[in-house]
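Just so it is clear, none of the values below were taken in a lab; they were calculated from the coordinates. For clarity, every value in this text was computed on a predicted model and none was experimentally measured. A quick note on method: Cβ atoms are made from the backbone with ideal geometry, for glycine too, and the neighbour counts reach across all protein chains shown.
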Amino acid sequence: MRTAVSSLLALSFVSALMFGGCMHFEEECPDTAAGEPCSVPGWEDQKAWSIVRVFYGTDRARSGESHWNSYYGSAPGDLEYGVCEVSIPDSHDYGEIERPQIWKLEFNESPDRHIMLQNIQPQTEESFASELQAEVRESDSKEAFVFVHGYNVSFAAATYRTAQMAYDLKFSGPPILYSWPSKGELSGYVADMTSADRSRNHLKEFLETVAHDSGARKVHLIAHSMGNRVVTEALRSFSDEAAFRPVPHFNEIILAAPDVDANTFKTEIAPRIVQAGDRVTIYTSSNDRALQASRLLHQRPRLGQGGEHLTTFPEFDVIDVVDASWVDFGFFDLGHAEYGDALLGDVKQTLSGQPADRRGLSPYQQALAWTFPASGSPIVQTAAKASVALDSARDSLQRLEEARPKIAAANHEEADTERHNPFSWLFSWLGDWN
């Protein structure tokens with residue numbers, strides 16, 4: 001009985017401290033509503049995150065709201081250029097998009113735990129091109145990539161993914177986003193198809209600006225899901241116009257989970273877009289439930305489907321098809337966001353120019369396509385991260401060296417605090433438990 005009472009008192013005391021801590025946190029953000037970023041004084045001097053500058057083009061209309069996450073809405077608008085800043089926490093896990101989770105009792109964004117859109121700076125086309133040129137000029141690779149997002153994606157979410165890709169790929173050139181006006185809702189599929197089709201000409205104009213005015217030695221294109229509708233139609237249009245005017249040419253064109261009619265692509269689009277780039281890589285999966293739903297809706301196979309619905313292109317040497325059906329897809333985002341996660345390692349090698357037969361892939365369907373090894377194989381568990389492991393280790397060591405003086409000063413200050421705090425052992429225990 002005495003033990004039970006003691007345990008109850010201890011639990012009550014710990015709970016009081018924990019809830020007291022929560023109340024204290026709210027006091028630090030008195031004017032911050034749930035879902036808004038919490039700005040705590042002094043963060044700038046002790047920041048535990050990195051900033052990725054993302055250049056962007058969008059034909060979303062401005063919402064009229066001041067909060068960065070809702071600065072651009074889902075209504076169509078004119079083509080607009082700009083630069084935004086996205087923070088990546090030092091605690092970031094490779095391939096992840098860390099966002100507040102209710103089950104973790106996270107009701108506000110925090111840059112030391114979450115990927116956050118920190119700033120948006122709309123620009124004129126001339127200012128955009130000038131800043132992009134400067135960024136390319138200062139980079140080691142003199143390259144850039146343009147990412148076009150898919151269905152059910154807000155502008156803010158698209159910036160998170162673009163920044164995360166650049167960060168995890170250790171891409172030395174500027175990351176560039178094109179965001180078309182997706183509704184950002186699971187129920188908005190049909191509306192998104194219309195918006196994607198309407199954005200073709202705006203994307204063409206944006207790609208011409210990037211290709212002609214960036215000064216990049218190579219420009220890569222990465223499209224995901226329904227974003228492939230916009231990209232493939234823009235590339236087909238460029239190809240049709242190539243006979244009478246100069247059009248952009250791209251290096252690596254990556255079509256991930258393309259929600260495009262497979263037969264239409266094979267017969268009408270592929271013969272044209274092979275002229276638009278040095279190589280086209282198509283990532284597919286038979287486990288992608290968003291594409292399965294799309295197939296049921298359209299009553300026709302989608303280009304991004306693998307397995308029995310895999311579409312191959314033996315007539316084109318520059319098109320590589322990679323069936324990622326054996327990658328262990330999770331439930332997140334209908335199994336549809338894995339292309340931004342587990343396949344990043346292969347994407348990195350593709351962008352570096354590595355041919356498919358040198359990326360750890362296996363020949364598939366009589367060597368007409370490529371596939372990842374079966375899930376559970378030691379290769380598949382390490383391949384996605386192997387290509388960036390060394391870079392990540394070097395980066396971590398460099399940041400540790402840079403932070404060493406601050407850590408030493410903080411440890412000295414913490415030691416002084418502990419000497420005057422009779423409950424320091426309890427806070428230490430709570431930190432270990434947490």
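Among His309, His114, His249, what is the fewest-to-most ranking by other Cβ atoms within 10 Å? Before the final figure, lay out the partial values.
Numbers: His309 17, His114 22, His249 14.
Sorted ascending by nearby Cβ count, the order is His249, His309, His114.
Please report, in whole Å, how far the alpha carbons of region 185-275 spread along each principal axis, starting with the longest.
Here the Cα extents, ordered largest to smallest, are 40, 28, 21 Å.
Considering every Cα-Cα pair within region 76-172, what fraction, in whole percent, is farther apart than 23 Å?
On the way: 1529 of 4656 pairs.
Taking all Cα-Cα pairs of region 76-172, the fraction more than 23 Å apart is 33 percent.
So what's the Cα pair-distance distribution over region 132-179, bin width 10 Å, in %?
Binned Cα distances yield the sequence 28, 50, 20, 2.
How many angstrom lie between the Cα centre of region 120-145 and the Cα centre of region 232-250?
Cα centroid of region 120-145 versus Cα centroid of region 232-250: 23 Å apart.
Compute the length gained on full extension between Arg272 and His67: take 0.36 nm times their separation in residues and subtract their Cα-Cα distance, giving the result in nm to one decimal.
Extra length from Arg272 to His67 when fully extended: 69.6 nm.
If the limit is 31 Å between Cα atoms, which of Lys47/Lys218; Lys104/Lys204; Lys104/Lys183; Lys183/Lys266; Lys142/Lys183; Lys142/Lys266 go over it?
Numbers: Lys47/Lys218 34 Å; Lys104/Lys204 42 Å; Lys104/Lys183 27 Å; Lys183/Lys266 29 Å; Lys142/Lys183 34 Å; Lys142/Lys266 33 Å.
In this structure, Lys47/Lys218; Lys104/Lys204; Lys142/Lys183; Lys142/Lys266 lie more than 31 Å apart at Cα.
Which ordering of Glu98, Glu185 is given by a fewest-first count of other beta-carbon atoms within 10 Å? Write down the numbers at each step before the final one.
Details: Glu98 19, Glu185 14.
Ordered by Cβ neighbours within 10 Å, fewest first: Glu185, Glu98.
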